[in-house]
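A short worksheet on the structure shown next.
Taken together, the values in this text are just the output of simple stated rules run on the coordinates, not laboratory data. Fair warning: this is a prediction, and the values are worked out from it, not measured in the lab. Heads up, the Cβs are rebuilt from the backbone with ideal geometry, glycines too, and the neighbour counts pull from every protein chain shown.
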Amino acid sequence: MGEERKSLPTVRFSVTPEEIAAFADAIGDPSPVYRDEEAARAAGYEAQIAPPTFSMRMQMGFAHEIADAEGVDWELVLHGDQEFEQLAPIVAGREYDARAFEVGMRGRPPTRFLAIETDITDPETGEVVQRSRSTLICRDEA
Amino acid sequence: MTRRSFESVAVGQALTEYRKVVTREDIAAYAEASLDRNPLHLDDEAARARGFDGIIGHGMFTMAHVATCLTEWAGDPGAITHIKAAFRAAVVPGDEMVAGGSVTALDPKTRRAKLEIWVTVDRGGSEEQAVRRSTAEVQLA
């Protein structure tokens, strides 16, 4: 990090137990902590928590928007790498603010690398619960 | 499920492998759950126009399964403090995806484990690395 980051406007999301359960089903993760409030409480959480990669749901729109603004053909974009740092759980029934930063575009056509960071913040405490970084491979031709 | 204890872990310990034969329906379900509905993942013709033989799975679909392998090992999804994956090959319908990992370091001060994680794909007897040189960190009990 340490590079200058252009940011997109913050977007607020409500996280529902249903979308957490659907995400857990789609990734084959059987943990009851995603699906059952009692199990989540027994594990020390206030309600169901989200799987580690759940915030992709919140980030997809940002990546698309940044790619469009850079004149990238979204349908040719490949995912190069992805990193998540989890500082606190994302919990069902709460709201979160997601803010994306365009860190930079590197390389030259026909293949460029677009780096995006996203912070997920708990608006009640102002604390970041998850930081993530994506590198997208932007191709000009198939 | 309870969180795995620091004392029960040793460097070199392997995660239980997570195996799955990937179907088009699995990829479509992930597209809905993640809101990544890029036609590359849903429409064979669109994928062929973009240089592939047919639809490919999302990189994040692969990463999410190695995360599942990790959360199962940790005993608590909230124990995962860091995860980083580099995507090196696409997973396609019919592939058997195998996610695994092993413990590379332990810090008694923080009671955290560092792991190396990977996903390989078995495609008719030949193996490809879909996720490699990737890492995770888990807060143990």
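Things worth noting here:
- Reduced Cα scattering model of segment A:1-128, Debye log10 I(q)/I(0), q = 0.11, 0.19 Å⁻¹: -0.45, -1.09
- Put a plus charge on the Cβ of each Lys and Arg, a minus charge on the Cβ of each Asp and Glu, and nothing anywhere else: the dipole of chain B about its Cα centre is then about 640 debye.
- Peptide-level mean, for B:41-49, of C-beta atoms on other protein chains within 10 Å: 1
- Peptide B:66-79 has a mean of 6 when you count, residue by residue, the C-beta atoms of other protein chains within 10 Å of its C-beta.
- Size of electric dipole in chain A: Cβ of Lys, Arg +1 and of Asp, Glu -1, about Cα centre, debye, nearest 20: 320 debye
- Cα Rg, Dmax, chain B, angstrom units: 16.3, 53
- Computed from the Cβ-Cβ distance with R0 of 41 Å, the FRET efficiency linking A:TRP74 to B:ALA10 stands at 0.35.
- Pairwise FRET efficiency - B:LYS20 versus B:LYS109, Cβ, R0 = 41 Å, nearest 0.05: 0.65
- The order of the peptides B:70-78, A:26-34 by mean Cβ neighbours within 10 Å, most packed first, is B:70-78, A:26-34.
- The lysine pair tally for the protein assembly as shown, using Cα distances under 27 Å and a gap of 8 or more places or different chains, is 5.
- Globularity index of segment A:72-140, i.e. its alpha-carbon radius of gyration over 2.2 N^0.38 Å: 1.33
- Projected area averaged over orientations for segment B:85-141, convex hull of C-alpha atoms, nm²: 4.5 nm²
- Each residue, A:SER7 and B:SER126, gets one label point 7 Å from its Cα in the Cβ direction; the gap between the two is 4.7 nm.
- The slack in the chain from A:GLU38 to A:ALA21, taken as 0.36 nm per residue of separation less the alpha-carbon distance, amounts to 4.7 nm.
- Taking the Cα centre of segment A:88-142 as origin and assigning +1 to Lys and Arg Cβ atoms and -1 to Asp and Glu Cβ atoms, the resulting dipole is close to 420 debye.
- Degrees separating the helix B:59-74 axis from the principal Cα axis of chain B, which is the longest one: 30 degrees
- Averaged over peptide A:16-26, the number of partner chain Cβ atoms lying within 10 Å of each residue's Cβ comes to 3.
- Diffusion coefficient, µm² s⁻¹, Stokes-Einstein with Kirkwood Rh over alpha-carbon pairs of the protein assembly as shown at 25 °C and 0.890 mPa s: 128 µm²/s
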